[in-house]
Amino acid sequence: MKRSVRELAELIDARVMGDGTVEVSRVASLQSAAVGDLIFAEEEKNFALASQSLASAVIAGEFAAGSTSSRPVLICAQPRLAFARAARLFRAAGHHEAGVHPTAIVPSSVRAGTGVNVGAYVVLGQGVQIGDNTRIGAGCVMGANVVIGRDCELYPNVTVYSGVRIGDRVVVHAGAVLGSDGFGYVRDEKTGRYEKFPQIGRLEIEDDVEIGANATIDRGALDVTRIGRGTKIDNLVHVGHNVQVGEDVVIAAQTGLSGSAVVKNNVVIGGQAGIADHVRIEEGAILGAQSGIPSKKIIRGKGVVFWGTPARPIREYLKQLAVLARLAKKE
Amino acid sequence: MKRSVRELAELIDARVMGDGTVEVSRVASLQSAAVGDLIFAEEEKNFALASQSLASAVIAGEFAAGSTSSRPVLICAQPRLAFARAARLFRAAGHHEAGVHPTAIVPSSVRAGTGVNVGAYVVLGQGVQIGDNTRIGAGCVMGANVVIGRDCELYPNVTVYSGVRIGDRVVVHAGAVLGSDGFGYVRDEKTGRYEKFPQIGRLEIEDDVEIGANATIDRGALDVTRIGRGTKIDNLVHVGHNVQVGEDVVIAAQTGLSGSAVVKNNVVIGGQAGIADHVRIEEGAILGAQSGIPSKKIIRGKGVVFWGTPARPIREYLKQLAVLARLAKKE
Amino acid sequence: MKRSVRELAELIDARVMGDGTVEVSRVASLQSAAVGDLIFAEEEKNFALASQSLASAVIAGEFAAGSTSSRPVLICAQPRLAFARAARLFRAAGHHEAGVHPTAIVPSSVRAGTGVNVGAYVVLGQGVQIGDNTRIGAGCVMGANVVIGRDCELYPNVTVYSGVRIGDRVVVHAGAVLGSDGFGYVRDEKTGRYEKFPQIGRLEIEDDVEIGANATIDRGALDVTRIGRGTKIDNLVHVGHNVQVGEDVVIAAQTGLSGSAVVKNNVVIGGQAGIADHVRIEEGAILGAQSGIPSKKIIRGKGVVFWGTPARPIREYLKQLAVLARLAKKE
């Protein structure tokens, strides 16, 4: 679906420089852009390259205001953000087929809103509730009484254990597992054998969360595991039982959060980081990739980057590395 | 299903203080307990809080023997263990529907015991054997000649490759893959290309093992990969070909065991630990989270904690970290 | 299917010592070999043991040329490689049933070659193309317009997102996810919320690649993620958007490659390594297990082993560890 540059500019809060009647229908990268494509430039250098591409329009920052360009420019404060929004508009205009595939197993107790799409070989448990326009990919399995909001997308082969609650506009990628049992055992001091601690709590995922492929999020042991609004979780991330993740948190691939960890709002966690049980990451802290936080530690510092295992403020860590390198060279 | 405190006390080997006729039907946490719930307290502090909750009964240690409580107390040596056992009794009393879903693909050569439940869209290979009361979740796929014991539970979307043998009371969480090919290649020195080494061995999982969501356990290359009785494996753990894991081993999330590693009984391994090929972890050793054991190393020391990469006894490692921090501060 | 030693020797480029008419039908390990089995010995020590086994024939290096053996010996330059090739010949001779299971969902726009096998409950999107003799395991789901070459094997429960292109002789293990959205968001500076950056690029997997169980490979954001010919990827590996992996690269389990990383030909990466965004690993470098490469770094050195986080040449790293250990001991 085509949109004029003028129409788009209004929707993404940009102002047009040049011909607003030009039409675009797709986003593209600077390297691959063709006629009809919209691209973006965050720096003057890229803006110059953009002018040589085949793209029909360019989103750029204020730096481009005085420039001359043979094609229309959409000027705004955050070009990358505006580009992402434009891409969403094109996506939303795409085809969305509603309907329940005849092979999907949907007990009569399931309640689904309008515009819902349930794929082939989906298996829904008793009492599942699905909000409007939500799509459940082929091969997904949901246990009893799962509640999922509107405008969600579950890609194929996702498993949702019974009782999990999922908000609106949540995206779950293929193979993710939501609400599995936590890892809790009690050792019998007499026999040395492990008895499973009950893992019968809940999992609540708030609005606008995205969860990566093959990620796993455990239910609470007795209470609740919670993923806050707007939080983004990458592929193969593990979230243990009773973990509390705040809002707008970013967790990169293969990171693990152990039981009862607390991660407050706006925290950013790099890939392969390890957060032990009962750790508390205070608001806005940043953990570097592969960093490790030992059990029960508190990490505090808005905008402060921590790195290493055990994680230290990155300046300290880098200084330690430099000192060690110097000592080794002397020998 | 309700049970009286007296009845429960007998089953979990506790003694009752107070009214043994009170009935409980669920376990709960101290924070969320309601009437009819059973909770536990391991310390006097929590016991005091427990007294203020709505729970109908409390499991506590010997410290509570002299106390006064308005509700019945079940006194025992390991309150947390007794609580876990009580939870299991409540679970066992739950509903278990037997039957094979009409959409499950079950060749006539499959043999299944009594009380078996096979979910929707399960695909079983030729010659599969399933013990009594075992449950196979929706979407699971088993290759030919898989043998699985009694009272097992496979959650949805588990894949079991052909020939894997699974004991009794084994729990496998959603998305786990059992018996996949190991990672073994031989480089052709002339062409620089890799030829796959045969991965045609077996995988044997003994009784009472639990395997986490999206974990992967490879079959042996020519011989066998083995997971010993009572071992607990968390989400996203990787176990390579020919690995031998002993009994009552605990392996936390995202840990990886490379080919031919040996882990003896009662070892505890933290999350994201990396155990290289041909490593040997002797009985009762403890590996901290993110620790790394280089190829062919032997780790020895019952109850000794190892940490870091390469892993050292934790005292040594912490001392090294302290020395380095001090040197860096001086500069 | 049996083959004579002489026939086999021709196929794997070895020369026969002893009775070439002896027949073998399987490969086995030295420990478990029975009559009819073929084994291999890379060293004289193992060759002596091989002579005591029940195996019917032995592949060995030139060292065995002068020896006397009661059974036929196949002599060649790389015994392990020859053994792997022999194993492949036995495998290829195995039964391969063609056909589309009646429960597979195959739109009329799908084009499949001859000898294709599509398992139970497979779901194929519009316009999927499948090459000759390719096998799609039970429960796999492929989005629209996926193109997959000939002689591939997808194990069960693999998810392939729309538009992914897969070459010939590619093996994908159970639960892997190919072509999922990359992890890219743009923060709105006004609201602090994240907007998803478009993840609409492609994923191309070249010939002879093998991908482990539950591995995840993201599509490009706007352009392409590429896995080069002959590359081998182990279980639970994560490959982010726009990553370019060269040919004959080996990536061990649980390693993560962040967005836009470049890995050139013949690189070897150990398990749990972390490669940050925009890193470049030059041809033939070797990364030790758990090593970490910070954002935008270039790692260079054919045959050089790097270790640690941040990764250094292993000699440097080991020296630093030794210096630190010595300092700590002095205190």
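Observations, loosely collected:
- The length gained by stretching the chain between B:LEU89 and B:LYS330 to full extension, at 0.36 nm per residue less their Cα-Cα distance, is 80.8 nm.
- Residue among B:ASN46, B:ASN235, B:ASN117 with the largest mean-square fluctuation in a Gaussian network model of chain B, springs linking Cα atoms under 10 Å: B:ASN46
- Within-15-Å neighbourhood charge of B:VAL116 [Cβ basis; K, R +1; D, E -1]: -1
- Between B:ALA98 and B:ASN145, the simple spin-label model (points 7 angstrom out along Cα→Cβ) gives 2.9 nm.
- Between A:SER32 and C:ASP132, the modelled label-to-label distance comes to 3.1 nm, taking each label 7 Å out from Cα in the direction of the beta carbon.
- Applying 1/(1 + (r/R0)^6) with r as the Cβ-Cβ distance of C:ARG315 and B:GLU316 and R0 = 22 angstrom yields a FRET efficiency of 0.50.
- Take the Cα of A:ARG193, go 7 Å toward its beta carbon, and none of the backbone nitrogen atoms of segment B:35-67 fall under 16 Å from that spot.
- From the alpha carbon centroid of segment A:261-316 to that of segment B:132-194 is 35 Å.
- Couplings 3J(HN,Hα) for segment C:66-76, derived from phi with the Karplus relation 6.51 cos²θ - 1.76 cosθ + 1.60 (θ = phi - 60°), are x, 6, 9, 9, 6, 10, x, 10, 9, 9, 7 Hz, where x marks Gly and Pro.
- Histogram of C-alpha separations across segment B:3-92, 10 Å bin width, %: 21, 61, 18, 0
- Distance in nm between pseudo-label sites at B:ASN46 and A:SER109 (7 Å out along the Cβ direction from Cα): 3.3 nm
- Only DSSP H runs of four or more residues enter the estimate; each adds -39500 (n - 2.57), and after division by the residues of chain A the mean residue ellipticity at 222 nm equals -4500 deg cm²/dmol.
- Most mobile listed residue (B:VAL305, B:VAL16, B:VAL160) in chain B, GNM with C-alpha springs under 10 Å: B:VAL16
- DSSP beta bridge pairing in the protein assembly as shown, given as percent antiparallel to the nearest 5: 15 percent
- Coil-residue trypsin sites (Lys or Arg not before Pro) of segment B:296-326, DSSP, other Cβ within 10 Å capped at 14: B:LYS296, B:ARG300, B:LYS302
- Radius of gyration, Dmax [segment C:165-206; alpha carbons; angstrom]: 15.7, 50
- For segment B:57-125 versus segment B:216-246, the gap between their alpha-carbon centres in whole angstrom: 25 Å
- Whole-number D in µm²/s for the protein assembly as shown (Stokes-Einstein; Kirkwood sum over Cα pairs; 20 °C, 1.002 mPa s): 72 µm²/s
- Residue by residue along C:221-227, Cβ atoms of other protein chains within 10 Å of the local Cβ number 3 on average.
- Interchain or long-range residues, amide H under 5 Å from C:CYS152's placed H: C:THR134, C:ARG135, C:ARG169, C:VAL170
- Where N is the number of residues in segment A:69-141, Cα Rg divided by 2.2 N^0.38 Å: 1.66
- Reach of C:LYS329 by Cα under 14 Å, taken over aspartates and glutamates that are not fewer than 8 positions away in the same chain: B:GLU316
- For segment C:241-331, alpha-carbon Rg relative to the globular expectation (2.2 N^0.38 Å, N residues): 1.14
- Percentage, to the nearest whole number, of Cα pairs in segment C:95-206 over 16 Å apart: 59 percent
- When DSSP beta bridges are restricted to pairs lying wholly in segment A:3-92, around 35% turn out antiparallel.
- Cross-link pairs B:LYS264/B:LYS297; B:LYS264/C:LYS45; A:LYS232/A:LYS264; A:LYS330/C:LYS319; A:LYS196/B:LYS232; B:LYS297/C:LYS297 - those with Cα-Cα distance over 19 Å: B:LYS264/C:LYS45; B:LYS297/C:LYS297
- Converting phi to 3J(HN,Hα) with the Karplus coefficients 6.51, -1.76 and 1.60 and the offset θ = phi - 60°, segment B:208-216 yields 6, 7, 10, 10, x, 4, 6, 6, 10 Hz in sequence order, with x at every glycine or proline.
- Volume per residue of the C-alpha convex hull in chain B, rounded to whole Å³: 187 Å³
No value in this document is a laboratory result; all are computed from the given coordinates. This is a predicted model, so every value here is computed, not measured. With ideal geometry, Cβ positions are generated from the backbone for all residues, glycine too; neighbour counts draw on all protein chains shown.
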